[in-house]
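Here's the structure we're looking at; comments come further down.
The values are calculated or read from the model by the stated rules, or taken from the named source; none is laboratory data. Being a predicted model, the structure only gives us computed values, none of them experimental. Please note: Cβ atoms are built from the backbone with ideal geometry, for glycine as well, and neighbour counts cover all protein chains shown. Please note that ligands, DNA and RNA were not included when accessible areas were found on the heavy atoms of the full protein model with its side chains. Shrake-Rupley method; radii C 1.70, N 1.55, O 1.52, S 1.80 Å.
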Amino acid sequence: MEETEKDRNIRILHSGVFTPLRRWATKWSLWPCHFLTSCCGVELAHTGACGYDMERLGTLNMGISRQANFIMVEGTITRKMARALRIVWEQMPDPKFVNVIGACGQRGGIFWNSYNITRPSDIVPVDFFIPGCPITPEGLLRGVRAVQEKIEGRDNTTIRFKHVELPPGDGEENRAPTTPKIFAPTPLVRVDVPRDVDWAFGNDLVKNLKAQLNGLYTSITITEKNRIAIKTTPENLVETSRKLSDTMGVDHVKSVNVIDVPHERKFMVEYMVSGYTEELMPVILTIFTEIGREAEPEITSLASLWESANYSERELHDFFGVQFKGNKGMKGKFLLAPDTPDTPLRKDFKLEEEQYTIEEGVPLTPAITPPHYTPPSSSSPSYTESELEDLKMPAYEDVLKEAEKNDEFVAFIGPHHSGSGHLRWVMRMKGDIIKDVIPDPGYVHRSMEKIAENRLYIQNVPLTERPNISDPINMNLGYVRAIENALGIEVPERAKYIRTIMAELSRIGAFFYDMGIFPLFMGHSTGFMYSFAIREMVLELMVRMTGSRCTPSFIIPGGIRRDISDDVLDRTRNFTSAIHKRLKKYENIFVYNPVLISRMKEVGVLTREEAIRCGIVGPFLRASGVEYDVRKAEPYEVYDKLDWEATTGDAGDCLGRIFGRLEEIKQSVEIVRQAVDAVQGMPRGGVISEEILGDYKEASDDIRGYLYNVYGDLVLPKGEWTSVTEAARGTVLYSIISDGESNVPYRVRIITPCWMNLRGIIEASKGERVADFWTVYASFGYFPPEADR
Amino acid sequence: MMEIINTLMETVMSNQVSIPLIEPMLDSLPEIPMLQYMVAFMLWKPIFALLICPGLTVGGLSLLFFPWIERKLCGRAQWRVGPHEIVWWLGGVIQLLADSLRFLFQEVIVHKDAHRPYFLQFPFLSFMIFLLPLLFIPAGTIVAIQTPYAIQIILALVCLFPLFILGFGWASNSRFAYIGTVREAFMYFAYEIPFIIAAIAMIILYGTSDPLLMASRQSIPGIILNPVAALVFFIGAAMATGRMPFEIPDSDQELCAGPHVEYSGIAFGLIYVLCYEKGYILSALMTILFLGGGSGPAIAGLGDLSGVFWFVVKTYLVLTTLFMLRAVYPRYRLDQGLKLGWSPMLVMAIIGLAISLVVVAVRVI
Amino acid sequence: MKMKSMKKVVGPEYNLGDKIKTNVYAVGVAMQESVYPHTATVFYPRERKKMPDNFRGFILFDPDKCISCFNCSFVCPANAIRMKEAPNKRYYPTVDYGRCIFCHFCIDSCSGGALKATKIHDVAYKDMDAMFTPTEEMIELPEIIREDKKYVEYEIKEDDLHLKRTKGEDYLFVEVPPPKEIPMVSTCIDPGSCIGCRVCADVCEHGAISASVEDGGTLRMKIDTDECTGCGLCVKECSMQILMLNKLERE
Ligand code: SF4
Ligand code: SF4
Ligand code: SF4
Ligand code: SF4
């Protein structure tokens, strides 16, 4: 059935009088509907930008499905997005073509056993699959060429493998090994494992806390430097929190977490909180409590106290079915699609197991049940009513009703919209003024956390950079640092410097990504091109350092995968001066453009209090006047040895956010320059800590050959290990809970900056004009795959 | 019978486009029957204007190649190349041919909610209506319909355009189209008045609204005599064509192209070129009002075509400038666009008017 | 101290003069660039960007160097590598490019250097089944469509980015020396606990483990250090967890 669908387009092109003309015209005018579904979109943007310039082939990115004739499915299609894909495909005029780029859209890539993905080929007829994660722009263009060839009716095989017979043999039959993963049968899950640390302030703080919370807590433990766990009872949770908020200056929630411990019949609920005061900045207080493991366990929400917990609570309600009493969003699903399994993060929901051998009867493709609706086939070309019903997205009936009462206009923006990114906004407006925006995220929710607790620690390294492949190093660094903290490993000096260089390059890359999307939202394609040209330079350095443009997976516990060559260091050094020339032009044409300034000034203002209340992080928080930068507050790598300044501002508007980041980028360039100078003066080699290498000390300058041997059986000590890292868009928090026996984490909580910033976008755009929504949105550099994880 | 033909011939012959370069060729034509008449007919100024320049041929070619020029130029300014591979040794000139053919052969979808007749009629209708002003625009000395009220008629026709865009939006019956249409209506109010005042300033300045006369009275181009009016007119043209920074009604990233979000196939193809059509007409108007129309140093051998040449060159210059704005500016917000139209532009337009009056007064004295 | 290291950024404030100035700058850049553009485009199908030698592309396999240690399969985060039994009853890897994320963890885990990286990365498959690559097809460099006549290098010089174009085809495969040898062998740390399940012998692909009955009737597993490749499978599988990989001290 699909086969005929696939061929229908070609048939259309090859029939009628004007066949050659039709074919020729279609061939050179494939307009992809830029269906930004996932992180592969970053490379799509690069292909469209000046580095490769897809427009050369007549392939002009078009946001509007009615006018496009080509879909490039960029990676993951989640269950929620599947409908959108089908609808968009239905909206396009015949003849139309579909390419799937990125492993996620094929057999699932790194997310192959996620509970929330589907395969595009089950949803729409696909012409070509392009492997890669992400694909390279070359691969993408090869796909376009392949479609062109197909339209011409020529042979379009792009790769020919040569078959070589394997040696015949006489060996004995062997039993295949079983899984390398070790799961403790009854793991001991503790988040308050005490540790002796040299932390005088902490001891005082604990004393102080004990005095303040007299009678409210069960125990207060120092688990690590700067980490304190406070155990309390569900009844006292609110009171404890209020006390902390009132007397200690705790003003925001960094993370909310639920841990499922089925064999002890309990859920642990924890809030990681902190305050933006000088002393409290690096400290994270974990308030946790235990509740019974029922179908719908209840706990009082802290969202009224700390607004920043709001969305995370709603997300956990999706994941575990925990009811946060008092949070208004406890009805229905937030991140997940209606047909995703319920409470998927509970331990009794099992993901599909890995297969290590090929055996008869075990399919290659993991079992993924396609979404409920069945696409119409040639035998029944139109949808039935119930199928149509299934295709619909949540409609927010109550919102519509209320809006009608208030005489407001409601627009549903996204998830397929040229300016929505991969999520949906329900915008209520009165005239040209935005009354409210309701986010509908989760279109790229790929169940990162569930997957992470089913993979070896080392296998999670590539996974943790997938939320944000425009800033991969920082995402990675956070995870790796959490492991290093847990194991107490000291990273060699050279590796630290190189990591810093890479982290800052990655930050620069992410900045130019955001500052490329921002001009697009403002309708300024030159700004997009210029910033992607600079980003192309960053990627060039990345590929030379690591071998991959966007997904290096280069930082591993204890160091980096291999030493980088002097030639690359020279280039990096050159980059720090070369960037200025192009940056200057970019600034002149876009950033300092009076039209843009007038669009940004005093738009989307978040005051300091609002910003803290919404829990926004990173450069956006600093733009509102909070002087918090993890690199300063809790320096890691070599940030404390280099000379640089973090940025703040106090306007809190779009202008402040953009200029703050612009300055930050200049500082980053400065950091890179200093770090490169330092590395160039160091002896080569020795970039992986010998503590972790054990027997494999010889591999300390290149892990090649021994990655699995060294890291395969990594087991973290028991406890909760939390790291905060300053990623490009703000603080990324990883907390890994280990039971001390398994070589897979028990639970990994990832709080990405964009997830926290979502609340800020909503707040900042209220009361602004409709067009300003995109200014605000883009000024936050929102990257949906990162938010949805 | 012969008489009628003869009188007709006389009218035709009396108003011929003279091109010295091809005259010898024309002289040899009488040997071939009928062709002589046909050529004469073609070279009859009104027909020439209608069919060749500024009419269908040059207009059509502009529509076909101007988007390419725009894409190439913007591409160049953006550190890339633009359409290229289609015939790569020519830099992909026929890109737009491929695009338009593709649109032509593609399915036209009329969605369930649309008002079917209007949804389909408007693109075709508007394409026709948008061509009408060309009848009154002279290329050099060649014009299809010569009237002393040409400028007013052109302005009136230009002011019709937004109505059709409202029509698209209304017929599409979609939320984004609706917002886009409302914005279009607002923007219409923003630019129309200053735009017309600027044109009137020039009419006052030249003391005529006959484009041919206007051109002949511009020994000093209007843009030098009255730069303020020229600026207002230019900005007004940018607003009218919905170019950056005023691409407010069909802002791609906000409203998915606003009024024409639901159009597909050839219907969209027509809408896509509408904006270039508008641009062409307004640039032609600007050429007449401010750049001296077809005046310029006569090129030997071209005769009347010399005027055509200068006219086309100037129009393209204006058009290029208009479209290069895309590479320089981001988009204004609706209220900012309105504010710009109502305050600085209106003030400037009135200043322009005053300048014209002063110039006229100086002349009279 | 912390305060001092923070830099306050204030957005610009424009008066009329600045507005005109910035307008002129913006137009100036556009004009300058349309005359002398700093084009950064690689004309892909007709030319190819030269990727560095460490580029992570498609994977090749050399059966002679493989010790069937399963490391590549175990470490693969996408579970793209699954081992297939070859005619000689050894397990060799297969790669499913429908899942592979090109992290090259497999290559970095292959101690014998049997897996090798190529620079192939621009491939489009017609159907998903073809994306599965059996061992037999991984041994020689596959052929891909090459329309490129030139290759381009991005040269980042001190002043700017330059594109260096060279006529000719870029190579797609780089031979790298095998990784440093770190010989390991499996040893039994507590023979007394051995229950004689023979899992280790069953799983060993190299026949390095054999069972012998010592006098007194106790079953002893004997590990032949010369045959043992240090692949570690037996260590992983041992039901009593009494096997360990140790560094082989050669005299
Ligand atoms: S994880 Fe991201 S980059 Fe990788 S294939 Fe999927 S969408 Fe593409
Ligand atoms: S890691 Fe290398 S040696 Fe081991 S099984 Fe894989 S290919 Fe063979
Ligand atoms: S490159 Fe990575 S994903 Fe691909 S087969 Fe190797 S380990 Fe697996
Ligand atoms: S004895 Fe163990 S480590 Fe040695 S080759 Fe056999 S299975 Fe591998």
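Report those helices (runs of 4 or more DSSP H) wholly inside the stretch A:648-750 carrying at least 3 residues which are charged (D, E, K, R). Spell out how you get there, then give the answer.
Working: elements: A:654-680, A:690-693, A:707-711.
So the answer is A:654-680.
Criterion applied to A:GLY249, A:GLY292, A:GLY332, A:GLY321 was being surrounded by fewer than 17 Cβ atoms within 10 Å (Cβ to Cβ), farther than 28 Å from A:ILE222 by Cα, of a type outside the set (Phe, Trp, Tyr) and in contact (Cβ under 8 Å) with a residue 24 or more places away in the chain, and the one residue passing it is A:GLY332. A:GLY686 - would you say it is open to solvent by 20 Å² or more (accessible area, probe 1.4 Å), over 14 Å from C:MET6 (Cβ atoms) and in contact with a helix residue (DSSP H, G or I) (Cβ under 8 Å, 6 or more places away or on another chain)? So A:GLY686 fits the description; yes. Output the qualifying pairs, or none if there are none: Cβ atoms under 8 angstrom, residues six or more apart or on different chains, first residue in the stretch A:156-180 and under 26 Å from C:VAL203 (Cβ atoms) and at the interface with chain C (Cβ under 7 Å from one of its Cβ atoms), second residue at pLDDT 80 or above and open to solvent by 80 Å² or more (accessible area, probe 1.4 Å). What qualifies is A:PRO180/A:ASP713. Can you find even one residue in the stretch A:496-509 that is under 17 Å from the mean Cα position of the chain (by Cα) and charged (D, E, K, R)? Looking for residues that are under 17 Å from the mean Cα position of the chain (by Cα) and charged (D, E, K, R), one finds at least one in the stretch A:496-509, hence yes. With respect to A:ILE762, is the statement that it is under 28 Å from the mean Cα position of the chain (by Cα) and more than 26 Å from A:ALA411 (Cα to Cα) true? It is false that A:ILE762 is under 28 Å from the mean Cα position of the chain (by Cα) and more than 26 Å from A:ALA411 (Cα to Cα).
Taking only the stretch A:625-650 into account, find how many residues are touching a Phe, Trp or Tyr at 6+ places or on another chain (Cβ under 6 Å) and either open to solvent by 30 Å² or more (accessible area, probe 1.4 Å) or within 11 Å of chain C (Cβ to nearest Cβ) (or both). So that I can check it myself, show each step before the final result.
The initial filter retains those residues of the stretch A:625-650 that are touching a Phe, Trp or Tyr at 6+ places or on another chain (Cβ under 6 Å), namely A:626, A:628, A:631, A:638.
Right, trim to either open to solvent by 30 Å² or more (accessible area, probe 1.4 Å) or within 11 Å of chain C (Cβ to nearest Cβ) (or both) and you get A:626, A:628, A:631.
So the count comes out to 3.
Of all the residues in the stretch C:96-116, those that are more than 16 Å from ligand 4 (Cβ to nearest atom) and over 12 Å from the mean Cα position of the chain (by Cα) number 4. Residues that are within 16 Å of ligand 2 (Cβ to nearest atom), of a type outside the set (D, E, K, R) and open to solvent by 20 Å² or more (accessible area, probe 1.4 Å) were ranked within the stretch C:158-188; the one that is farthest from C:LEU60 (Cα to Cα) is C:PRO183.
Of all residues in the stretch C:5-52, those satisfying the criterion of being surrounded by fewer than 14 Cβ atoms within 10 Å (Cβ to Cβ), more than 9 Å from chain A (Cβ to nearest Cβ) and part of a loop (DSSP other than H, G, I, E, B) are C:ASN15, C:TYR36. C:GLU175 meets the conditions (1) within 16 Å of ligand 3 (Cβ to nearest atom); (2) over 16 Å from C:THR229 (Cβ atoms) in every case but one. The failed one is (1).
Mind checking whether some residue in the stretch C:93-108 is over 28 Å from A:ARG466 (Cβ atoms) and within 14 Å of ligand 2 (Cβ to nearest atom)?
Taking the stretch C:93-108 as the starting set, the residues that turn out to be over 28 Å from A:ARG466 (Cβ atoms) are none.
Taking every residue of the stretch C:93-108 in turn, none turns out to be over 28 Å from A:ARG466 (Cβ atoms) and within 14 Å of ligand 2 (Cβ to nearest atom).
Please pick out the residue among A:ALA49, A:ALA82, A:ALA103 that is aliphatic (A, V, I, L, M), crowded, with 24+ Cβ neighbours inside 10 Å, farther than 30 Å from A:PRO338 by Cβ and in contact (Cβ under 8 Å) with a residue 24 or more places away in the chain.
Values: A:ALA82 fails: farther than 30 Å from A:PRO338 by Cβ; A:ALA103 fails: farther than 30 Å from A:PRO338 by Cβ.
None of the others qualify; the one that does is A:ALA49.
Against the list (1) in a helix (DSSP H, G or I); (2) open to solvent by 10 Å² or more (accessible area, probe 1.4 Å); (3) within 16 Å of ligand 4 (Cβ to nearest atom), the condition C:ALA130 fails is (3). In the stretch A:689-708, is there at least one residue being under 30 Å from A:SER598 (Cβ atoms) and more than 9 Å from chain C (Cβ to nearest Cβ)? No. Check the stretch C:58-66 and report whether any residue there is away from ligand 1 (no atom under 16 Å from the Cβ), facing chain A (nearest Cβ under 9 Å) and among the β-branched types (Val, Ile, Thr). Within the stretch C:58-66 (the criterion being away from ligand 1 (no atom under 16 Å from the Cβ), facing chain A (nearest Cβ under 9 Å) and among the β-branched types (Val, Ile, Thr)), the answer is no, since none of the residues qualifies.
Considering each of A:GLU224, A:GLU138, A:GLU173 in turn, give the residue that is among the acidic types (Asp, Glu) and open to solvent by 40 Å² or more (accessible area, probe 1.4 Å).
Values: A:GLU224 fails: open to solvent by 40 Å² or more (accessible area, probe 1.4 Å); A:GLU138 fails: open to solvent by 40 Å² or more (accessible area, probe 1.4 Å).
A:GLU173 is the lone residue from the list that is among the acidic types (Asp, Glu) and open to solvent by 40 Å² or more (accessible area, probe 1.4 Å).
Of all the numbered requirements in (1) in a helix (DSSP H, G or I); (2) open to solvent by 10 Å² or more (accessible area, probe 1.4 Å); (3) touching a helix residue (DSSP H, G or I) at 6+ places or on another chain (Cβ under 7 Å), A:HIS416 misses one, and that requirement is (1). Of the set (1) at the interface with another protein chain (Cβ under 8 Å from one of its Cβ atoms); (2) touching a Leu at 6+ places or on another chain (Cβ under 9 Å); (3) in a helix (DSSP H, G or I), all apply to B:ARG76 but (2).
Checked against (1) closer than 30 Å to A:GLY712 by Cβ; (2) away from ligand 1 (no atom under 16 Å from the Cβ); (3) facing another protein chain (nearest Cβ under 9 Å); (4) buried (at least 24 other Cβ atoms within 10 Å of the Cβ), A:SER548 passes all but condition (2).
May I ask you to verify whether C:ALA78 is surrounded by 24 or more Cβ atoms within 10 Å (Cβ to Cβ), within 16 Å of ligand 2 (Cβ to nearest atom) and facing another protein chain (nearest Cβ under 7 Å)? Considered against the rule, which asks whether it is surrounded by 24 or more Cβ atoms within 10 Å (Cβ to Cβ), within 16 Å of ligand 2 (Cβ to nearest atom) and facing another protein chain (nearest Cβ under 7 Å), C:ALA78 comes out as yes.
Do we have any residue at all in the stretch C:108-125 that's at the interface with another protein chain (Cβ under 7 Å from one of its Cβ atoms), open to solvent by less than 40 Å² (accessible area, probe 1.4 Å), within 11 Å of ligand 3 (Cβ to nearest atom) and farther than 20 Å from A:ILE358 by Cβ? Yes; the residues of the stretch C:108-125 include at least one that is at the interface with another protein chain (Cβ under 7 Å from one of its Cβ atoms), open to solvent by less than 40 Å² (accessible area, probe 1.4 Å), within 11 Å of ligand 3 (Cβ to nearest atom) and farther than 20 Å from A:ILE358 by Cβ.
Filter the stretch B:248-277 down to the residues that are out of contact with any helix residue (DSSP H, G or I) (no Cβ under 8 Å at 6 or more places or on another chain) and over 22 Å from A:GLU90 (Cβ atoms) and list them by number. Of everything in the stretch B:248-277, just one residue is out of contact with any helix residue (DSSP H, G or I) (no Cβ under 8 Å at 6 or more places or on another chain) and over 22 Å from A:GLU90 (Cβ atoms), namely B:CYS275.
Just to verify a result, which residue in the stretch C:202-234, among those that are closer than 19 Å to A:ALA176 by Cβ and open to solvent by 30 Å² or more (accessible area, probe 1.4 Å), is nearest to ligand 2 (Cβ to nearest atom)? So, considering only residues that are closer than 19 Å to A:ALA176 by Cβ and open to solvent by 30 Å² or more (accessible area, probe 1.4 Å), the one nearest to ligand 2 (Cβ to nearest atom) is C:THR229. Is one or more of the residues making up the stretch A:532-554 farther than 20 Å from C:PRO52 by Cβ and of a type in the set (Phe, Trp, Tyr)? Yes, that holds for at least one residue.
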